[in-house]
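The values are calculated or read from the model by the stated rules, or taken from the named source; none is laboratory data. In this text, all values refer to a predicted model and were calculated from it rather than measured experimentally. FYI the Cβ positions are ideal-geometry reconstructions off the backbone, even for glycines, and counts take in every protein chain you see. With ligands, DNA and RNA removed, areas are computed over all heavy atoms of the protein, side chains included. Shrake-Rupley method; radii C 1.70, N 1.55, O 1.52, S 1.80 Å.
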Amino acid sequence: MNLEFTPEEKAFREEVRTFIAENYPKHLADFGMREDMEREDFLAWHKILGEKGWSVPAWPVEYGGTGWTPTQRYIWSEENARINAVMPLPFGVAMVGPVIYTFGNEEQKAEHLPGIRSGDVWWCQGYSEPGAGSDLASLKTTAVRDGDHYIINGQKTWTTLAQHADWGFFLCRTDPDAAKPQEGISFILIDMKTPGVEVKPIKLLDGGYEVNETWLTDVRVPVENLVGEENKGWTYAKFLLAHERSGIAGVARSKRGVEKLREIAASETLDGKPLINDFDFARKVSQLEIDLAALEITELRTLAGEQAGKGPGPESSILKIKGTEIQQRLTELTLEAVGSYGTPLYGNIANVPGDAGSNQYPVGPDYAKHAAATYFNMRKTSIYGGSNEIQRNIITKMILGL
Ligand SMILES: Cc1cc2nc3c(=O)[nH]c(=O)nc-3n(C[C@H](O)[C@H](O)[C@H](O)COP(=O)(O)OP(=O)(O)OC[C@H]3O[C@@H](n4cnc5c(N)ncnc54)[C@H](O)[C@@H]3O)c2cc1C
């Protein structure tokens, strides 16, 4: 295994760095992903990449992918992380898109793939229910056949950013009498404007609006919106989850986060000296960097495997656990570094002092104002995409063979 980048890969890095410098929207520079953004800000970079033909790099070339190697895709994500870019959301690009081009029919591909590539159509994921998260196969939402329609009833929850969604992909029970719960589930695409679809906000601890309850009451959906075969949805759902998990490690973004943390700790002081010179704090930052370096090597090893034709297997669970633990520790240390300046959050993320639209004066340095909100928000990472406990179960079974 060679972990060095080749001259061609280094040249590729230069090419994408130049493209990003020349084309990334200036008003979103170093912005990161924040749930209070306007819809058009979420989609701005996606649309530019769609025009360039770079919005869905991992897709097969025949469906609009770039044909980049896994290493080139890694370089691409690193270069975007350097500027904390607002990347295309995963729901279309990394989740339902691959399901549609792999299991969908020609009409579905023609109808849905162009909008995902261009960023014109926003998708949401309707998997979880109040009683079905880790134990997803126990989901209760039903789709009952009525002529050439399904009638769908049920409640989904945690539907991320569904308030902006044009379409959703939903897991519904089509055979309540199947021998195993996994066998009676179907994967159905729903136009979110269909009568009976209701999206209700779930208010978060940080005051933000990122997730929803989605209620489905007698929603009539044409049978053409079924992906693949009826009652085989579990297969497509699992395929999608493997895609969701890879890339969740966020190594490149965490590397940028550590750089920022070092800058902050060099500006903040403790007993009159730069915080970064404090032995205990420096030790914690160094430990984080060591763990991140180890994770990066693991990710590069996975990439080398992918280059050699081995798909991401259960090792994506390791990347998910370590990646999200590091992301969380990073926000903990950032909050620790900025101290009380990290709390100017008065119950509403849209009213963070010093932000556009806020009528309150900023308190403390600019880098501190989102520290508490980000800290709270990042607690989610060990829960979504399959909780870290569930990932440990997968490692135990699939890697350790216990
Ligand atoms: C911010 C956020 C965004 C999300 N976005 C979406 C979305 O867009 N669409 C969507 O469909 N879902 C979404 N989810 C839901 C997410 O997939 C679920 O929260 C997750 O699968 C966990 O399910 P649960 O919340 O029901 O917890 P539970 O499954 O009830 O788990 C509770 C606790 O028990 C542990 N546990 C459960 N089973 C086991 C086991 N067998 N072994 C060991 N420990 C176990 C879990 O790890 C967890 O700590 C989102 C969640 C969050 C937090």
Practice item. Among the residues of segment 63-94, write down those that are part of a helix (DSSP H, G or I), among the hydrophobic types (A, V, I, L, M, F, W, C) and out of contact with any strand residue (DSSP E or B) (no Cβ under 6 Å at 6 or more places or on another chain). Key: ILE75, TRP76, ALA81, VAL93, ALA94
Practice item. Pairs only if they're at least six apart or on different chains, beta carbon under 8 angstrom, first in segment 215-226 and within 20 Å of GLN125 (Cβ to Cβ), second crowded, with 22+ Cβ neighbours inside 10 Å and modelled with pLDDT under 95; list them, first residue then second. Key: none
Check your understanding: Any idea which of (1) at negative phi; (2) open to solvent by less than 30 Å² (accessible area, probe 1.4 Å); (3) more than 15 Å from the ligand (Cβ to nearest atom) is the one THR102 doesn't satisfy?
Key -> (2)
Practice item. Working carefully through the options THR141, THR217, THR157, THR174, find the one that is within 12 Å of the ligand (Cβ to nearest atom) and either farther than 23 Å from GLN391 by Cα or open to solvent by 50 Å² or more (accessible area, probe 1.4 Å) (or both). Key: THR141
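With respect to TRP76, determine if the residue is touching a residue at least 12 places away in the same chain (Cβ under 8 Å) and within 16 Å of the ligand (Cβ to nearest atom).
On the way: touching a residue at least 12 places away in the same chain (Cβ under 8 Å): yes; within 16 Å of the ligand (Cβ to nearest atom): no.
Judged against the criteria, TRP76 is not a match.
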Review point. Within segment 262-279, is even one residue among the hydrophobic types (A, V, I, L, M, F, W, C), free of Cβ contacts under 8 Å to residues at least 12 places away in the same chain, surrounded by fewer than 19 Cβ atoms within 10 Å (Cβ to Cβ) and in contact with a strand residue (DSSP E or B) (Cβ under 8 Å, 6 or more places away or on another chain)?
Key: yes
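Is it fair to say GLY131 is within 14 Å of the ligand (Cβ to nearest atom) and open to solvent by 40 Å² or more (accessible area, probe 1.4 Å)?
Numbers: within 14 Å of the ligand (Cβ to nearest atom): yes; open to solvent by 40 Å² or more (accessible area, probe 1.4 Å): yes.
Taking the combined requirement at face value, the residue satisfies it.
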Point to revise | Single residue of PHE187, PHE239 found to be open to solvent by less than 40 Å² (accessible area, probe 1.4 Å) and not basic (Lys, Arg) | key: PHE187
